[in-house]
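In what follows, a structure is listed as structure tokens, so that the remarks can point back to it.
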Amino acid sequence: MIQIKRANFTNALGLRQASNHLIQPLNGKTTTRPQKSVMMLADDDFFDANLTPQMTPIGLQILTLLDQHQIPHQQQRHSAASTCEQSAKERQLPMTLGGKSLLFRSRYTANSFHQGDFAMIVVPADQQVDSQKVRRFLGCQKLRFASNDELMAIAGVEKGALPPFGGGLIDVPMYLDERLQQNQQIAFNCGVTTESVVMTMSDYLSLITPIWGQFCRD
């Protein structure tokens, strides 16, 4: 069941508006805190304060960045979702809108296009990454998925929670698959598997310096 924690909503995301910057019960009861903008769900949906997750530093940095730039976004709290299929189900959105972020460990040379021990690849969540395409694009001799320990050391997140913010908030180069340009929105786990952010693709791209490539399996 989707539970909304906080968000800045606009009609660009096709969401109903009601209030902002608060955790509001979703059972129709009123709250004494100021009403601004929160997404209202069905009458039988509810908010359980006991399920409040512990946000990671990178998750908090992303939310701060969005607030600083006054970027409309939807923040969803939901059950733990470490796979793309689970995340799409919890968000109640098509899986293709998800941004699947993958961290790779690379072995490069002086002639490699990519210069670094790690690289982040982002593809649509309904697609499978082609490691050989990634390796050829980066010009690396060898390539493998980062281990859970490396993922925690680099980004401070567990598997399935890596947000698509390399090259800035996460200090690794980031490369985006060209198929993402077909989407009007992007959804991703925000540093934990129980929190998702949904925003327009144009707003997302305004926060990063995208390097485009073709990384999905044919």
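The values are calculated or read from the model by the stated rules, or taken from the named source; none is laboratory data. No experiment lies behind these values; they were computed from the predicted model shown. When we count neighbours, we look across all protein chains shown, and the Cβ atoms used for this are built from the backbone with ideal geometry, even at glycine.
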Any chance segment 199-217 includes a residue that's in contact with a His (Cβ under 8 Å, 6 or more places away or on another chain) and of a type in the set (A, V, I, L, M, F, W, C)?
yes
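Conditions (1) surrounded by fewer than 22 Cβ atoms within 10 Å (Cβ to Cβ); (2) of a type in the set (A, V, I, L, M, F, W, C), marked per residue:
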{"site": "ILE121", "(1), (2)": "no, yes"}
{"site": "GLN127", "(1), (2)": "yes, no"}
{"site": "GLN132", "(1), (2)": "yes, no"}
{"site": "ALA153", "(1), (2)": "yes, yes"}
{"site": "ALA161", "(1), (2)": "no, yes"}
{"site": "LEU169", "(1), (2)": "yes, yes"}
{"site": "GLN181", "(1), (2)": "yes, no"}
{"site": "ILE186", "(1), (2)": "no, yes"}
{"site": "ASN189", "(1), (2)": "no, no"}
Residues of segment 125-146 being in a helix (DSSP H, G or I) and free of Cβ contacts under 8 Å to residues at least 60 places away in the same chain, in sequence order, are SER131, GLN132, ARG135, ARG136, LEU138
So how many residues does segment 135-153 have that are modelled with pLDDT of 95 or more, in contact with a Leu (Cβ under 8 Å, 6 or more places away or on another chain) and farther than 20 Å from CYS84 by Cα?
1
How many residues, within segment 169-218, are in contact with a Ser or Thr (Cβ under 8 Å, 6 or more places away or on another chain) and in a loop (DSSP other than H, G, I, E, B)?
7
